[in-house]
Amino acid sequence: MIQLENKKIKVSISPEIGMALTSFKVYDREILNQDLKNDFLKTRKGLGPIILPHFNLDSPIKNDSINPNDQKYNLFPHIKHLRKLGIFNPFQHGIGRYVSWNYQLVENTITGAISGKDTIDGFTLKDLNGFDFNAKVIYFLHDNYVSIKIEINGEMPVASGIHFYYDLVDDDSTISLDAYQKQKKINSIYLNKKHNDVLTPIYDKNGFSHILLRTSRYNLLTKFMAEGDRDKVFESLIIFSDMEKNFVCIEPISYKIGENNTKVRHFGEIQLIPGIEKCK
């Protein structure tokens, strides 16, 4: 685990566990829901996993072609836990979150890299994933925000994004945004019920989308490019929440969910800008 910190923000990143964000503190207040740590360790559902090189189950390796007794799948204890949840694809949201990454640390920046040529006990990630790819994830700690840059290309269409589980705090929490849900324009999402919403973000005059999570303990602005160079924008936004487990995920995704993904490369940046007053 690697820590980046300044006077305001401290983040923990775990290259050995999928280059995940495992803690996000602002003035020592935790933003990620740490109650989901065990879920994260079992299935990568919790804390701060990434999405790549594909989203959800959109993989060339299909369920009916998977032999659960194949030796290569014995390398990944999470698979049996996913099966208990009814998820039979071995690498939901991409193999990136389930493997150890090579990394470099320079001052306030950590850069992780993997490729299809990397191996686990003799098996290449290309074999496990179903196609070759190269990926980098860069966490950059600024004075007042965290930047996550994702660079990925592949021999088949690729997808990238983040899947961070923020502390919902209470059922009065809300999200302010500009987006379309199908043909309907929405400006607010109330988190007093479960959500699994697929949205199309609306962008400002500079091409950026702004998603503001408001809770009683903190605010968090998620900012990303939604208009411009097609290889640099995030075309979809997923809001995934569960008030019983007390989390909400704000997930920019690189391509338009529900349409054919044709992107074979993506170079996107997501900024996480917290708003918390320093305790006196």
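The values are calculated or read from the model by the stated rules, or taken from the named source; none is laboratory data. Note that this is a predicted model, so its numbers are computed, not measured. A quick note on method: Cβ atoms are made from the backbone with ideal geometry, for glycine too, and the neighbour counts reach across all protein chains shown.
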Worksheet entry | Filtered residue count, segment 97-142, keeping only those that are in contact with a Leu (Cβ under 9 Å, 6 or more places away or on another chain), part of a strand (DSSP E or B) and of a type outside the set (Ser, Thr, Tyr) | 10
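Could you check, for segment 260-268, whether at least one of its residues is among the polar types (S, T, N, Q), under 22 Å from Ser147 (Cα atoms) and either touching a residue at least 60 places away in the same chain (Cβ under 8 Å) or in contact with a Cys (Cβ under 9 Å, 6 or more places away or on another chain) (or both)?
Within segment 260-268, not a single residue is among the polar types (S, T, N, Q), under 22 Å from Ser147 (Cα atoms) and either touching a residue at least 60 places away in the same chain (Cβ under 8 Å) or in contact with a Cys (Cβ under 9 Å, 6 or more places away or on another chain) (or both).
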Worksheet item: What are the residues in segment 220-240 that are of a type outside the set (Asp, Glu) and surrounded by fewer than 18 Cβ atoms within 10 Å (Cβ to Cβ), if any?
Response: Leu221, Gly228, Arg230, Lys232, Phe240
Item to complete: Tell me, yes or no, whether segment 155-167 has at least one residue that is buried (at least 20 other Cβ atoms within 10 Å of the Cβ), of a type in the set (A, V, I, L, M), in contact (Cβ under 8 Å) with a residue 60 or more places away in the chain and farther than 25 Å from Ile276 by Cα.
Response: yes
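Between Lys45, Lys10, which is of a type outside the set (Gly, Ala, Ser) and over 20 Å from Ile238 (Cα atoms)? Show your work before the answer.
Numbers: Lys45 fails: over 20 Å from Ile238 (Cα atoms).
It is Lys10.
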Response to the item:
Flagged in segment 76-100 as in contact with a Phe, Trp or Tyr (Cβ under 9 Å, 6 or more places away or on another chain) and among the hydroxyl-bearing types (Ser, Thr, Tyr), in numbering order, are Tyr98
Discussion item. Going through Asn69, Asn89 one at a time, which residue ends up being buried (at least 17 other Cβ atoms within 10 Å of the Cβ), in a loop (DSSP other than H, G, I, E, B) and without any contact (Cβ under 8 Å) to a residue 40 or more places away in the chain?
Written reply: Asn89
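So which strands (runs of 3 or more DSSP E) stay within segment 184-280 end to end and still have 2 or more residues that are under 26 Å from Ala135 (Cα atoms)? Show your work before the answer.
Working: elements: 184-190, 195-201, 208-214, 219-225, 236-242, 247-253, 265-275.
Output list reads 195-201, 208-214, 219-225, 236-242, 247-253, 265-275.
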Worksheet entry | Answer residue from segment 226-262, given it is β-branched (Val, Ile, Thr) and farther than 21 Å from His195 by Cα and is modelled with the highest pLDDT among those | Val233
Practice prompt. Starting from segment 202-215, take each residue that is over 17 Å from Ser188 (Cα atoms) and list its partners that are among the β-branched types (Val, Ile, Thr), counting only C-beta distances under 9 angstrom and pairs at least six apart or across chains.
Written response: Gly207/Val233
Worksheet, complete the sentence: For Ile150, the lone unmet condition from (1) surrounded by fewer than 23 Cβ atoms within 10 Å (Cβ to Cβ); (2) part of a strand (DSSP E or B) is (1)
Response to the item:
Selection from segment 1-49 of residues of a type outside the set (A, V, I, L, M), part of a helix (DSSP H, G or I) and at pLDDT 95 or above yields Pro15, Glu16, Gln34, Asp35, Lys37
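So in segment 169-198, with the set limited to residues that are under 17 Å from the mean Cα position of the chain (by Cα) and closer than 19 Å to Met243 by Cβ, which one is surrounded by the most Cβ atoms within 10 Å (Cβ to Cβ)? Talk me through it step by step, then tell me what you get.
The initial filter retains those residues of segment 169-198 that are under 17 Å from the mean Cα position of the chain (by Cα), namely 195-198.
Keeping just the survivors that are closer than 19 Å to Met243 by Cβ gives 195-197.
Values: His195: 17, Asn196: 10, Asp197: 15.
Only one residue fits best here, namely His195.
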